[in-house]
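A short write-up of the structure that comes next.
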Amino acid sequence: KWAVLQEGAITGFRSYMTGEVYALLRQHSILARLMPSTQEEAWVEGAFVQGVRTSKEGPLMSTLFSARTLGLVDRLPSEALPSYLSGLLIGHEMNAQVTAEADMQTDLKGPLILVGSPELTLRYRIAAEDLGVQVVEPAGHAAATGLWRLAQTLTSTGRVR
């Protein structure tokens with residue numbers, strides 16, 4: 001989920017199906033046959049970064065095929081392919097969001113604030129830094145604190161009862 005904040009107010013919101021698409025490709029596509037089982041999945045940072053960088057080379061549907069090619073010709077070992085695929089998808093998501101920000105003339109003027117599980121924010125931080133986007137990771141429980149404040153605001157303004 002991407003929320004655009006300007007002067008303390010949410011001025012835009014966009015959601016991507018990156019995790020869902022990853023799961024579908026990882027488990028139910030021709031790419032899945034080249035990868036180890038999900039129980040044996042390992043994190044390979046170099047392969048993830050390679051996927052992020054490949055995301056800048058063309059459209060998603062074209063660059064997705066690179067995961068198959070790299071696996072078939074043994075340019076990436078099978079245990080690295082899930083990380084590569086993750087980097088490819090997250091890279092495309094981030095590229096799309098940066099483009100959307102530019103189109104809306106809101107640009108990423110401030111840092112990207114990452115909120116989520118440590119495993120997921122690590123991936124987004126690595127991708128953002130590789131793409132030249134400044135990142136801030138707030139202390140734990142930021143999502144819960146934000147939702148609590150939102151609920152308080154909505155309740156106090158009569159928008160929620």
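FYI, it's all coordinate maths here, none of it is from the lab. These numbers come from a predicted model, not from an experiment. Cβ placement follows ideal geometry from the backbone for every residue including glycine, while neighbour counts extend to all protein chains displayed.
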Stretched out fully, how many nm does the piece from Trp148 to Phe65 gain, at 0.36 nm a residue minus the Cα gap? 25.6 nm
Which residue fluctuates the most in the chain, going by a Gaussian network model with Cα springs under 10 Å, if the choices are Arg68, Arg33, Arg53? Arg33
Can you tell me the orientation of helix 60-72 relative to the chain, as the angle in degrees between its alpha-carbon axis and the longest Cα principal axis, to the nearest 10? 40 degrees
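Which FRET efficiency, nearest 0.05, do Arg53 and Gln6 yield, Cβ-Cβ r, R0 41 Å?
Numbers: r = 30 Å, r/R0 = 0.74.
It comes to 0.85.
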Helix 142-156 sits off the longest principal axis of the Cα atoms of the chain, rounded to the nearest 10 on a 0 to 90 degree scale, by 30 degrees
Between Ala96 and Glu129, what is the label-to-label distance in nm when each label sits 7 Å out along the Cα-to-Cβ direction? 2.5 nm
Within-15-Å neighbourhood charge of Ser66 [Cβ basis; K, R +1; D, E -1]: +2
Using only Cα atoms, find the angle between the long axis of helix 118-130 and the longest principal axis of the chain, and express it within 0 to 90 degrees, rounded to the nearest 10. 80 degrees
